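Down below is the structure, laid out as structure tokens.
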Amino acid sequence: MDTIRVRIPAPEAEAKALSDIMEARFEDDGFPVAVFESSKDGKTWTAEVLVLESTVDDAINLVEMRLFDQFEGGVIPSFAEVEALPDINWVAKSLEGLKPVRADRVIVHGAHDRDAVGQSDIGIEIEAAQAFGTGHHGTTEGCLLELQRLLKRHKYHRMLDLGTGTGVLGIALAKLTSSEVLATDIDPIAVEAAIDNARKNNVGPHFKAFTGAGVDDRRFNEFGPFDLVVANILAKPLMQMSAKLCSNLAHKSTLVLSGLRTEHGPRIISAYGQQGLKLVHRREIDGWLTLTFAKGNWDS
């Protein structure tokens, strides 16, 4: 089975709209979606989805089924580019050469950009890995900015990075507070990468991590209840776990949620409002939302 790349060129507005639809319809599979300028004059853009573990024929059938209402006659256009990619770690490949990303005092960078970290900066060194979250995305950047805003207002004692990916957010919390942070992810590869990154960033002793699905694992009881939780995941799992996630919050606590497109906001706000949480802050970067909720009499 191969990774199949499906590229559909279109005028800028159409390509961006198609990319947003792809995000929504392929997010549960974890298939990467991108949109980019593909002509020198800027008139043509391309919406792209990578269909993992597939064949060309199966990928075409899947794309046509998921995007039936976007194609004339439900058939993928003849000008679309469909090809099987060589056996390369495309996640790592896509991250090569990325420039440092700054979020207030925090700067996320690769080893080749250590000189970009100033004396007053908090540097987090992350190399390409098989896990999401290097800072080069509106959700990660939004969370980093929000965590710094919150830490100027409150001192937290039990912190959780749920869906840690490469560990950026948990490492940032450990560096900003010099306190213990619990980090979890459903993907054991992500957890291994996060632990290794925490060690390389000199916060290994403050960074506790384990592989676990959602917040059902009994080990959460050993660390919680939490007064600060950040979860940069996706809208659907955040909806599904709203009740159990909130049951792991302390009486006075803060919850930061991201991995959300702008259109997901109302559903998430409603779901967590039903759990007694109050929306206290909202941040949008490149069409991605970071929402902050407070539980109890806590002004965040």
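The values are calculated or read from the model by the stated rules, or taken from the named source; none is laboratory data. In this text, all values refer to a predicted model and were calculated from it rather than measured experimentally. We place every Cβ from the backbone using ideal geometry, glycine too, and count neighbours over all the protein chains shown. When the accessible area is computed, the model is the full protein with side chains, heavy atoms only, and any ligands, DNA or RNA have been set aside. Shrake-Rupley method; radii C 1.70, N 1.55, O 1.52, S 1.80 Å.
Filtering the stretch 254-275 to residues that are farther than 22 Å from Gly165 by Cβ and either open to solvent by less than 20 Å² (accessible area, probe 1.4 Å) or out of contact with any helix residue (DSSP H, G or I) (no Cβ under 7 Å at 6 or more places or on another chain) (or both) leaves Glu263, Pro266, Ile269, Ser270, Ala271, Gly273, Gln274. Tell me yes or no: at least one residue of the stretch 233-251 is within 22 Å of Gln148 (Cβ to Cβ) and touching a Ser or Thr at 6+ places or on another chain (Cβ under 6 Å). No: the stretch 233-251 contains no residue that is within 22 Å of Gln148 (Cβ to Cβ) and touching a Ser or Thr at 6+ places or on another chain (Cβ under 6 Å).
Each row is one residue, and each column tells you yes or no for (1) modelled with pLDDT of 85 or more; (2) closer than 18 Å to Gly167 by Cβ.
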residue: Arg218; (1), (2): no, no
residue: Pro225; (1), (2): yes, no
residue: Ala231; (1), (2): yes, yes
residue: Lys244; (1), (2): yes, no
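Restricting Asp28, Asp57, Asp69 to those that are under 20 Å from Gly287 (Cα atoms) and open to solvent by 80 Å² or more (accessible area, probe 1.4 Å) reduces the list to Asp28. The criterion of at least 1 residues that are modelled with pLDDT under 85 and farther than 25 Å from Gly30 by Cα is met by the following strands (runs of 3 or more DSSP E) wholly inside the stretch 98-153: 101-103.
So that you can scan it fast, the table gives a plain yes or no per residue for (1) more than 19 Å from the chain's Cα centre (by Cα); (2) surrounded by fewer than 22 Cβ atoms within 10 Å (Cβ to Cβ):
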site	(1), (2)
Leu173	no, no
Leu176	yes, yes
Ala183	no, no
Ala194	no, no
Arg199	yes, yes
Thr211	no, yes
Arg218	yes, yes
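Residues Glu64, Glu23, Glu83, Glu37: which one is more than 30 Å from Leu147 (Cβ to Cβ), touching a strand residue (DSSP E or B) at 6+ places or on another chain (Cβ under 8 Å) and either open to solvent by less than 50 Å² (accessible area, probe 1.4 Å) or at pLDDT 90 or above (or both)? From the options Glu64, Glu23, Glu83, Glu37, the qualifying one is Glu83. Kindly check whether there is at least one residue in the stretch 229-249 that is in a strand (DSSP E or B), touching a residue at least 40 places away in the same chain (Cβ under 8 Å), closer than 24 Å to Ala17 by Cβ and touching a Leu at 6+ places or on another chain (Cβ under 8 Å). The answer is no, given that none of the residues of the stretch 229-249 is in a strand (DSSP E or B), touching a residue at least 40 places away in the same chain (Cβ under 8 Å), closer than 24 Å to Ala17 by Cβ and touching a Leu at 6+ places or on another chain (Cβ under 8 Å). The residues of the stretch 140-163 that are of a type in the set (D, E, K, R) and under 19 Å from Phe223 (Cβ atoms), listed by number, are Lys155, Arg158, Asp161.
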